[in-house]
Amino acid sequence: MMASTILFYVFAGIAIACAVSMVYHRNPLYSAVSLIGVFVSLACLYLTLAAPFIAVTQILVYAGAIMVLVVFVIMLLNLDEEKPLNRLRYLYALGAGLGVVLMGQTLFIFYAVMRTPKNPVNWA
């Protein structure tokens, strides 16, 4: 029981790290490789939840077929490095502000859920 919980947290951490890496990289090919890491760690999570068919399907369909198509399209487009646009600099501050608001909402909901009384429900 304890080993499966530890494996679940390890693979969940790998999935989150690969997802952050996918968003962080500017090169679309690196992002696609990070997305494959998310798919593989998600398949490992399915294995820890005793769902081997879904895990194999995840690997075959998403990490196999769809990622081959994504990498093919990236190579077909032959994206070159572009110079950054400076005219939309204010969007960084706006995005950071909205991120702070979202984090505040999340913490408020967490606080509200933790403060609710835990009384059993009588259905009779």
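The values are calculated or read from the model by the stated rules, or taken from the named source; none is laboratory data. For clarity, every value in this text was computed on a predicted model and none was experimentally measured. Backbone-built Cβ (ideal geometry, glycine too); neighbour counts: all protein chains shown. For accessibility, only protein heavy atoms count, side chains too; no ligands or nucleic acids. Shrake-Rupley method; radii C 1.70, N 1.55, O 1.52, S 1.80 Å.
Using C-alpha pairs under 8 Å with a sequence gap of at least 6, the mean separation divided by the residue count of the chain gives a relative contact order of 17 percent.
If R0 equals 41 Å, the separation of the Cβ atoms of Asn119 and Ala19 corresponds to a calculated FRET efficiency of about 0.60.
Accessible area per residue for the chain is 83 Å², calculated with a 1.4 Å probe on protein heavy atoms, without ligands, DNA or RNA.
Taking the centroid of alpha carbons for each part, the stretch 85-124 and the stretch 1-76 are 26 Å apart.
Surface composition of the chain: carbon and sulfur atoms hold 75% of the protein heavy-atom accessible area at a 1.4 Å probe.
At full extension, Ala51 and Leu7 could sit 14.4 nm farther apart than now, given 0.36 nm per residue minus the alpha carbon distance.
From the Cα gyration tensor of the stretch 1-60, with a ≥ b ≥ c the square roots of its eigenvalues, which class applies: rounded if a/c is under 1.5, or else prolate if a/b is larger than b/c, or else oblate? It is oblate, given that a/c is not under 1.5 and a/b is not larger than b/c. Among the listed values (i) 6.8; (ii) 8.4; (iii) 13.0, the one matching mean projected area of the Cα convex hull in nm² as calculated from this structure is (iii). Over the chain, dividing the summed -39,500 (n - 2.57) contributions of all DSSP H runs of at least 4 residues by the number of residues returns a 222 nm mean residue ellipticity of -23500 deg cm²/dmol. For the options Met75, Met114, Met67, a Gaussian network treatment of the chain with springs between C-alpha atoms closer than 10 Å singles out Met114 as fluctuating the most.
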